[in-house]
1. Need the failing condition index for CYS5 against (1) surrounded by 13 or more Cβ atoms within 10 Å (Cβ to Cβ); (2) touching a helix residue (DSSP H, G or I) at 6+ places or on another chain (Cβ under 8 Å); (3) modelled with pLDDT under 95, just the number.
2. Please specify each residue of region 1-11 satisfying the condition of being part of a helix (DSSP H, G or I) and out of contact with any Leu (no Cβ under 8 Å at 6 or more places or on another chain).
3. I'm trying to understand the selection: among the residues of region 58-85, which are open to solvent by 60 Å² or more (accessible area, probe 1.4 Å) and basic (Lys, Arg)?
4. Can you pull out the residues in region 27-61 that are of a type in the set (Val, Ile, Thr) and modelled with pLDDT of 95 or more?
5. Would you be able to say whether some residue in region 35-43 is under 10 Å from the mean Cα position of the chain (by Cα), open to solvent by 40 Å² or more (accessible area, probe 1.4 Å) and in contact (Cβ under 8 Å) with a residue 24 or more places away in the chain?
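The values are calculated or read from the model by the stated rules, or taken from the named source; none is laboratory data. What you see is a predicted model, and the numbers here were worked out from it, not measured in a lab. Glycine also receives a Cβ, built like all others from the backbone with ideal geometry; neighbour counts cover every protein chain displayed. To get the accessible areas, we keep the full protein, side chains included, count just its heavy atoms, and leave off ligands, DNA and RNA. Shrake-Rupley method; radii C 1.70, N 1.55, O 1.52, S 1.80 Å.
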Amino acid sequence: MVIRCCGNLVPEELPEVRIALVQEIWKTLNSLNVAMDISHYNALLRVYLDNEHSFSPTEFLADLQPKGVEPNQVTYQRLTSRYCQ
């Protein structure tokens, strides 16, 4: 939920501020070794799309592989949305 709050759920903040916040949250979760599944990554993708953040879908998928996280239908839908942008 904290990740999703960095998207359109906080319309009064600029997209740049929301992206900086989600990146800090993501870094913190990783440094605390929080076990993350595909729902966390899908939430991150939603925030990226909500804020029109530029990212590489192929690099995003490549980051999942060594962590053993399998993309699902939602992941591919959101990555396709990025390509459409």
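1. The one condition CYS5 does not meet is (2).
2. Start the filter on region 1-11 by keeping residues that are part of a helix (DSSP H, G or I), which leaves 4-6.
Within region 1-11, ARG4, CYS5 qualify.
3. Once the filter is applied, which keeps residues that are open to solvent by 60 Å² or more (accessible area, probe 1.4 Å) and basic (Lys, Arg), region 58-85 yields only LYS67.
4. If we filter region 27-61 for residues that are of a type in the set (Val, Ile, Thr), which is where we start, we get 28, 34, 38, 47, 58.
Passing the criteria: THR28, ILE38, VAL47.
5. The answer is yes, given that some residue of region 35-43 is under 10 Å from the mean Cα position of the chain (by Cα), open to solvent by 40 Å² or more (accessible area, probe 1.4 Å) and in contact (Cβ under 8 Å) with a residue 24 or more places away in the chain.
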